[in-house]
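Beneath this line is the structure, given in structure tokens, with notes to follow.
The values are calculated or read from the model by the stated rules, or taken from the named source; none is laboratory data. What you see is a predicted model; the values in this text were computed from it and never measured. Cβ placement follows ideal geometry from the backbone for every residue including glycine, while neighbour counts extend to all protein chains displayed.
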Amino acid sequence: MEGRPALAARTAAELGDRLRRQTLEGDPDVLLEAARRLTVHGGHGQGLLAAALTEGIGVRTGWAAPWRQQLRVLRRHPVADVRDAALNRVTAYE
């Protein structure tokens, strides 16, 4: 997906939609490790996928501590689109 930002964005959006529709899809611990590895990669597409995983499973887990931490890491990602995606996520309303 490197060099194809539109494809990366569409793929990440589809992943996020699927995770929001399927409440029991995937093991949260396995997906957290995948999100962390994608984040560490530092690429645009990988970061967008990590953000989609983080939002989908973070919501499912009620934003458990490891998912909030993952979101904080994404908010400091080197790619602006990834940072923006993470900054647009809300974990709690006041």
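Give me the residue from the range 84-94 that is under 13 Å from the mean Cα position of the chain (by Cα) and among the charged types (D, E, K, R) and, out of that set, surrounded by the most Cβ atoms within 10 Å (Cβ to Cβ).
Arg89
For the range 61-83, enumerate the residues that are part of a helix (DSSP H, G or I), among the charged types (D, E, K, R) and loosely packed, with under 13 Cβ neighbours inside 10 Å.
Residues of the range 61-83 part of a helix (DSSP H, G or I): 65-74, 80-83.
Narrowing further to those that are among the charged types (D, E, K, R): 68, 72, 81, 83.
Matches in the range 61-83: Arg72 only.
Residue by residue, here is whether (1) under 12 Å from Gly16 (Cβ atoms); (2) modelled with pLDDT of 90 or more; (3) of a type in the set (Val, Ile, Thr) holds:
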| position | (1), (2), (3) |
| --- | --- |
| Arg36 | no, yes, no |
| His44 | no, yes, no |
| Leu48 | yes, yes, no |
| Gln69 | no, yes, no |
| Arg75 | no, yes, no |
| Val82 | no, yes, yes |
| Thr91 | no, no, yes |
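Please indicate, with yes or no, whether at least one residue in the range 42-55 is crowded, with 17+ Cβ neighbours inside 10 Å, of a type in the set (Gly, Ala, Ser) and not in a helix (DSSP H, G or I).
The answer is yes, given that some residue of the range 42-55 is crowded, with 17+ Cβ neighbours inside 10 Å, of a type in the set (Gly, Ala, Ser) and not in a helix (DSSP H, G or I).
Regarding Ala12, is this residue surrounded by 13 or more Cβ atoms within 10 Å (Cβ to Cβ), within 11 Å of the chain's Cα centre (by Cα) and at pLDDT 90 or above?
no
So is Leu32 at pLDDT below 95 and assigned to a helix (DSSP H, G or I) or not?
It is false that Leu32 is at pLDDT below 95 and assigned to a helix (DSSP H, G or I).
Looking only at the range 60-83, which residues are under 11 Å from the mean Cα position of the chain (by Cα) and in contact (Cβ under 8 Å) with a residue 24 or more places away in the chain?
Once the filter is applied, which keeps residues that are under 11 Å from the mean Cα position of the chain (by Cα) and in contact (Cβ under 8 Å) with a residue 24 or more places away in the chain, the range 60-83 yields Trp67, Gln70, Val73, Leu74, Val82.
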